[in-house]
Structure formats: C-alpha cells, structure tokens
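For reference, the structure discussed in these notes is given below.
Every number here is computed from the coordinates shown, using simple stated rules; none is lab data. Small disclaimer: the values here were computed from a predicted structure and weren't measured. Cβ: placed from backbone, ideal geometry, glycine included. Neighbour counts: every protein chain shown.
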Amino acid sequence: MLGQSVIHYTYLAGAEVEIKNAIMNHELFMNFAPSKPGLIIDSEDGLVQISTESVRYIRSMEPSTPLVGRAFVTNSLANQLMISIFYKKTPSLYPVKVFRDYLKALQWLLELENRKFKAFS
C-alpha cells in the first residue's frame with residue numbers, strides 16, 4: 001500500500017547532527033522499510049548543522065538504502081539554499097526536493113512512490 005514507508009525526521013533549530021545520530025537514523029529507517037523502498041521527510045525548524053562525517057556516512061549508505069525519495073521541509077531560506085546547492089553540486093542517487101509546506105512534500109513523495117509502483121507492475 002502506498003505511503004506506508006514514510007519516515008519523518010524532525011530537527012529543531014540549533015540541532016547538531018553528529019555521526020552517531022546519522023547512524024541511528026539510518027538504522028531506524030532500515031528497520032522500518034526493509035521490505036520495500038521507503039520515503040523520508042526531513043523537517044527542519046531553523047538552522048541545523050550536520051557534521052561532515054555524518055554527511056559522508058549518509059551519502060556512502062545511499063547505494064544500499066531502499067529509498068524512493070527524500071523531501072526536506074523548512075521555512076528557513078538559509079536551509080533551503082544550502083540543501084539545494086549541496087544536492088546540485090553532489091547529486092543524490094534518488095530524487096530530493098526542498099519544500100516550505102509539509103503537505104506538499106508528502107504529496108510529492110507519494111507521487112514518486114506511485115510512479116515507481118506503476119513502473120514495476
């Protein structure tokens with residue numbers, strides 16, 4: 001059934017994502033979405049700092065992560081720009097998009113999932 005593998009991560013303003021957090025988040029995702037590709041929504045309330053080591057880890061795990069797409073939701077213009085620039089410079093193996101509106105992000109992810117589901121049926 002569509003939409004059953006949406007994992008929501010919420011980061012509060014000033015949060016710092018260290019390698020131990022990135023590993024924990026990845027393991028959580030893999031436990032919830034082991035049988036079919038999943039979807040991730042990252043909500044960020046203000047500026048969030050992600051360590052370089054965490055970014056490297058997340059990117060190194062992409063090939064083995066059963067993921068359809070990832071949406072970032074943030075009202076912070078700084079976050080929107082940083083995320084957009086980062087993924088333009090270092091493209092992801094799956095679709096990534098930045099939103100200001102949570103429901104639009106969810107709708108986009110479910111549409112991605114629906115297209116992928118139809119492609120394999």
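Here are a few things to note about the model shown:
- All aspartates and glutamates inside 18 Å of K89 as judged from Cα atoms, apart from same-chain residues fewer than 8 positions distant: E53, E62
- Helical segments meeting 27 Å axial Cα length and Kyte-Doolittle 0.5 threshold in the chain (DSSP H): none
- Within the range 77-111: backbone nitrogen closer than 18 Å to the E16 label point (7 Å, Cα to C-beta): none
- With contacts taken as Cα pairs under 8 Å at a separation of at least 6 residues, the range 6-114 carries a relative contact order of 29 percent.
- Likely footprinting exposure, K104, K88, fewest C-beta neighbours within 10 Å first: K88, K104
- A cut-off of 5 Å between modelled amide H atoms, ignoring neighbours fewer than 5 places along the same chain, links L67 with G38.
- Rounded, prolate or oblate (a/c below 1.5 giving rounded, otherwise prolate when a/b exceeds b/c) for the range 6-114 by Cα gyration tensor: rounded
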